[in-house]
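The values are calculated or read from the model by the stated rules, or taken from the named source; none is laboratory data. In this text, all values refer to a predicted model and were calculated from it rather than measured experimentally. Heads up, the Cβs are rebuilt from the backbone with ideal geometry, glycines too, and the neighbour counts pull from every protein chain shown. Just the protein is used for accessible areas: all its heavy atoms, side chains included, with ligands, DNA and RNA removed. Shrake-Rupley method; radii C 1.70, N 1.55, O 1.52, S 1.80 Å.
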Amino acid sequence: MATAPLAPPTPVARSARERSGAWPLADRIAYWACWATGIGLALLTLAIVVFMLVKGLSFLHPALLFESPSADIKQSATGGFLDPILGTLLVTAIGIAIAAPLGVAIAVWLVEYGRPAALARAVESSVEIVGGAPSIVLAIFGLGIFAQGFLAFLSQRAANGSVYGRSFFAAGIVMALLALPLIVGSTREALQALSPRLREGSFALGKTRATTIRHVLLPSVRPGIATGAVLGMGRIIGDTAIIKILLGGLRVETVGGVPVLGLLRGTGSTLTTYVYEFSPAGEGNAPQKAYFAAFVLLLMVLALNGVVTWLTLRQPGGELPRKRWMDLWRLSAWTR
Amino acid sequence: MDPMMPPPVRRIAVDRDPRVAPPRPSANGVATGAVALPLKTARAPAAVVRERMSLDAVWLAYGENWVVRDVSLPVRQGEVLGMIGASGSGKTTLLRALNRLTEITEGAARAGRIALDGQDIHELEVNDLRRRVTMVFQQPNPFPMSIFDNVAYALTEHPERGSRRRRRSGAMRDAVASALQRAGLWDEVANDVDRSALRLSGGQQQRLCIARALAANPEVMLLDEPCSALDPISTAAIEELIVELRESIAIVIVTHNLQQAFRVADHVAFMHLGELVEYGPSEEVFNHPRQQRTRDYVSGAFG
Amino acid sequence: MLGAAAFAVLAIIVAMLVTVFARAWPSFSHNGLAWFGPGGDVDAQLRAMQQLQPLPGHSVYWFRAWPLIWGTLLTTGLAVALALVIAVLAAVFLTEFAPAPVKRVVDPAVRLLAGVPSVVYGLIGILAIAPFVNSHLISQHRKESVTYVVQLNGADLTTATLILMVMILPILVAITADALESVPPAWREGSLALGVNRWRTIWRVSLRAARPAIIAATILGTARALGEAVMLAMVSGGRGFAANPLDGLTFFFEPVRPLAATILQNSEGLSNQPVMHTMYAIGAVLLVSAAMLSLTGWAVRRRLGRYGIQT
């Protein structure tokens, strides 16, 4: 054999994917059905987005974002949706403010402590039950709790002395329940993915467990916490049932004279209930306003979607490992 | 010796086991001459030897990287072709090209002609080809089904005369039983073929994969280091099996294990960095290699 | 302190279970097991409760939830069945047949569908789909033939099921696609090397290996569909009517009102005792269903572990 390097030949054939042309008929039908489904879904998404875009922008008025709504028969006089936007932001803020510390604490307890084992299992199951409960059930549970006399400070009393039970406080607290499982799940995953050497190293330096958690572990899982929080925000923003039951109003109305407390005890609406009320299912006389509000809502939620993707891609490894599909999609089952 | 006395204590690091011969000192670190392989028991060549596949100036590449360069070989029924070489020599790629398995990788390129019974394999329908030229992989890969379903898999998926054979018909059972017998696994699993295939031991799983490959009566069988993940007893069983099968099926085996190649192969092809360095009957290649590179590899100078 | 947080969530769960079941009890105790059965017009029963004027011969708590339960079973069942088929096809497309540029477009598109809030789906449903169904799919003749029983106006079983199916598709597709990609490549290679074409390989090996995942995804999807209140309240026709399959094609255009939507639509009257107890009873049924679904999923995954199929 020649010892000089040989020259590669010029006629070269590249590998091709297996052609489906020679398959039996049944298999070819399946092949085309898969293609049709895939393309069809993409087209469906496009259709929804374009539809909302067209309908939403057809009544575009940036000024509407800064006007307050008013109930009126005539569409042109129903004002804008400043209040619903404020309501959405407020409820989301309260919800995350409660759910984030609570969720991180629970996740840390589950991963770092978790004794006795029966209690840990019970806590895990509880978080799953909360995650699996339909939001409407959480809503009526919330109403039942907040309509109790001793919690009147969180909302207001009606004329006949019974507690109204509906307020930003009430809605925010129940919203925290919505976001909680997402934050717990995401933080837990992030904590479990940390190398055990991190903990060993810290203990070897003589740090206590509490210090380790505060100064070593939590900073390392910040992306995981952030992901959970953003997923939670998405879920809160998209929810209607809880707001409808625990915040049944339109304009923001404060209760009592105290500045911040009055707002939190008051009622209002969010973008979601605004859309519901102004659609034919509610009072129903301003479908175009409903479309525009829905469009704004969709934009907010899609932006959050993008943030989550960006956050997860930033984690070491680039993409989430495949094994966590189950948890990830339970996490992102928004808007129940 | 007093039966109550324990045997003499041997210090492991210092005292060698007297039953093992001391290692031979090698001159300047490189052994010269052929390695002292045990005498091969005389094996009669098969009754009929005919050429099934031929490779003609085959070149294979992944992307721009040429992995196999200008290789020409015959593959004959009635004999075992062993392919040896160091890692990266291209022998596995060449094996996979024989049943066009290289095509499932994006960007694989080829040149040259590979023919099965005179027909260019790239003109055959790829699934037809793969039924006639089956492959057994390095790691046993039984499907997550029962043993019966694994072996019957090829049969249920090969429509013969337009109809898929029924899963549980008598003909199917017979075919499965005969494949398992040929693979030497029947005795061990006969009474429980519905057990999950994943519960078998490594050696049994590999024999199951061989049975699966045999079930559809292939014409050529390709084996990619089939025993590298197995213990010596399973290895011996499979090597016996390979020698038995060569009568009816052309066998190509890629192996890293020189002793195995010596035991099993009738013809040996030595590849190095993509080129076919030497091809010939195994006795010649091992005991009287013509090329210096072959001599070096076979004596263990590199590998 | 951390332990306190853990206890807090436990306390919340216990409180939720206790509250819901305690408040549901009066409705069940007044009706017994017949609560789940058929009998009379659900809407009339709810109206009677709201006005605190019991229907003749019955207590104010009288309630027969069958039309609602049937509506839930129909919409959820049909939506999940349809979504399953479509999701498997789409997942196979994404993992096996789609060329890389196409995949880069279709994959985000499906995930985007998951992010759309239910109220937006409801809006599209009630303002676009329902009128379409009303004017193009339901003939005038059909409407006239049933006016003495019910109004057909496009807000019905078909619209509700179709939109619900779109809502649960992303979950099913994502989980199935990920599971298909996690199937060990050795199996796929082994099957291809035996001369089995790509589709049959997927059908007999990959999908079989992904079965636990598909089942888990179906259960997740069912739970999602069960809890969906807002979209269904907007779209499914406002009348608690038990759609009758024996009506033939008209069956698909009859209004339905699933359980969760009923709670939402009666949320105004929750200060009223009988209404409240009845709504909590419905909530209890939903909670128990969701819990049973989780349990089923867990049990199924354990059984399939026998064949060495990874979860």
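Leaving ligands and nucleic acids aside, the C/B contact buries around 2200 square angstrom of accessible area in total at a 1.4 Å probe radius.
In debye, nearest 20, what is the charge dipole magnitude of the protein assembly as shown about its Cα centre with +1 on Lys and Arg Cβ and -1 on Asp and Glu Cβ, if you could check?
Working: 85 positive and 66 negative charges, 220 e Å.
Computed charge dipole of the protein assembly as shown: roughly 1060 debye.
Contact residues in segment C:156-174 by the 10 Å² criterion (accessible area, 1.4 Å probe, full protein complex versus chain alone): C:VAL166, C:LEU169, C:ILE171, C:ALA174.
With runs of 4+ DSSP H residues as the only contributors, calculate the mean residue ellipticity of the protein assembly as shown at 222 nm using -39,500 (n - 2.57) per run, divided by the residue total and rounded to the nearest 500.
Numbers: 36 runs with 486 residues, N = 950.
Calculated mean residue ellipticity at 222 nm is -16500 deg cm²/dmol.
Percent of accessible area on segment C:1-149 owned by carbon and sulfur, 1.4 Å probe? Spell out each step's value before the answer.
Working: 4730 of 6720 Å².
So the carbon and sulfur contribution to the accessible surface is 70 percent.
Among C:VAL149, C:VAL285, C:VAL110, the residue with the largest mean-square fluctuation in a Gaussian network model of chain C, with springs joining Cα atoms closer than 10 Å, is C:VAL149.
Top to bottom by accessible area (1.4 Å), largest first, where do A:ARG19, A:ARG265, A:ARG166 land?
Details: A:ARG19 175, A:ARG265 60, A:ARG166 35 Å².
Putting A:ARG19, A:ARG265, A:ARG166 in descending order of accessible area: A:ARG19, A:ARG265, A:ARG166.
Among the chymotrypsin sites (Phe, Trp or Tyr not before Pro) in segment C:120-166, those located in a DSSP loop and surrounded by at most 13 other Cβ atoms within 10 Å of their own Cβ are C:TYR148. All Cα-Cα distances of segment C:179-229, cut into 10 Å bins from zero to the largest, leave 25, 39, 20, 12, 4 percent in each bin in turn.
For chain C, what is the accessible area per residue in Å² when the probe is 1.4 Å?
Details: 11720 Å² over 311 residues.
I get 38 Å² per residue for this part.
Shown in residue order for segment B:106-119 are the 3J(HN,Hα) couplings computed by the Karplus curve 6.51 cos²θ - 1.76 cosθ + 1.60 at θ = phi - 60°: 5, x, 7, 10, 8, 8, x, 10, 10, 10, 10, 6, x, 9 Hz (x for Gly and Pro).
Inter-chain neighbour count for C:199-209: the average number of beta-carbon atoms from partner chains within 10 Å of each residue's beta-carbon is 4.
Summary value for chain C: 27 percent relative contact order, contacts being C-alpha pairs under 8 angstrom separated by 6+ residues. Among the chymotrypsin sites (Phe, Trp or Tyr not before Pro) in segment A:73-149, none sits in a DSSP loop with a Cβ that has at most 14 other Cβ atoms within 10 Å. Once Rg and the Kirkwood radius are both taken over the C-alpha atoms of segment B:148-303, their ratio Rg/Rh works out to 1.06. For the segment A:141-148, counting C-beta atoms of other chains within 10 Å of every residue's C-beta and taking the mean gives 5. Comparing B:PHE148, A:THR227, C:MET276 along the charge dipole axis of the protein assembly as shown, the residue lying farthest to the positive side is C:MET276, per the Cβ-charge model.
Quote the FRET efficiency, to the nearest 0.05, computed for A:ARG14 versus C:LEU73 with a Förster distance R0 of 56 Å and r equal to the Cβ-Cβ distance. In this case the efficiency is close to 0.55. Debye calculation, C-alpha points only, no solvent: report log10 I(q)/I(0) for segment C:98-148 at q = 0.28 Å⁻¹, in the same order as the q values. Rounded to two decimals, the profile gives -0.96.
Report, as an integer, the average count of C-beta atoms from other chains found within 10 Å of each Cβ along A:243-250. Don't jump to the answer; show the numbers that get you there.
Details: counts 2, 8, 7, 1, 0, 3, 0, 0.
So the per-residue partner count for this stretch is 3.
Accessible area buried by the pairing of C and A, both sides summed with a 1.4 Å probe, works out to roughly 7100 Å².
Summed over the residues of segment B:154-303 and divided among them, the accessible surface reaches 43 Å² per residue at a probe radius of 1.4 Å.
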